[in-house]
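Read the structure below first, then the notes.
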Amino acid sequence: MANHAATKKDVRQATKRRERNRYYGKTTRNAIRDLKASEKKEYGENLPDVVSMIDKLAKRGIIHKNKAANLKSKLAKKANA
């Protein structure tokens, strides 16, 4: 690593962003897991919240937009089944 102030700042920023992105991703994965384990009535109530979380991950670039679409599709398919 270069010994420049800008490089050191970039490392600090990248670390902060990485931790934030890991938190968002893990929180959303836990929400999806909890949604899949929930009952039918709760599933319908909580689905919009989880879909919103997935959309935010895709918007921030934490997951790819196609992955977000696939996740939402699977959750919606289970809701309609």
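The alpha-carbon of Lys67 sits under 18 angstrom from the alpha-carbons of these aspartates and glutamates, leaving out residues fewer than 8 places away in its chain: Asp49, Asp55.
From the alpha carbon centroid of segment 33-50 to that of segment 51-81 is 14 Å. Taking only the alpha carbons of the chain, we obtain Rg and Dmax values of 16.9, 58 Å in that order.
Rounded to the nearest 20 debye, the dipole size of the chain about its Cα centre is 380 debye, using +1 on the Cβ of Lys and Arg and -1 on the Cβ of Asp and Glu. When shorter helices are ignored and each DSSP H run of at least 4 residues is given -39500 (n - 2.57), the per-residue value for the chain at 222 nm works out to -30500 deg cm²/dmol.
Measuring against 27 Å, Cα to Cα, the residue pairs Lys16/Lys78; Lys56/Lys77; Lys8/Lys65; Lys36/Lys56; Lys16/Lys36 contain Lys16/Lys78; Lys8/Lys65; Lys16/Lys36 as the ones spanning a longer distance.
With contacts taken as Cα pairs under 8 Å and at least 6 residues apart, the chain reaches a relative contact order of 24 percent.
The numbers here are math on the coordinates, done by the rules we state, and not lab data. Being a predicted model, the structure only gives us computed values, none of them experimental. Quick reminder, even Gly has a Cβ in these numbers, built from the backbone with ideal geometry, and neighbours come from all protein chains shown.
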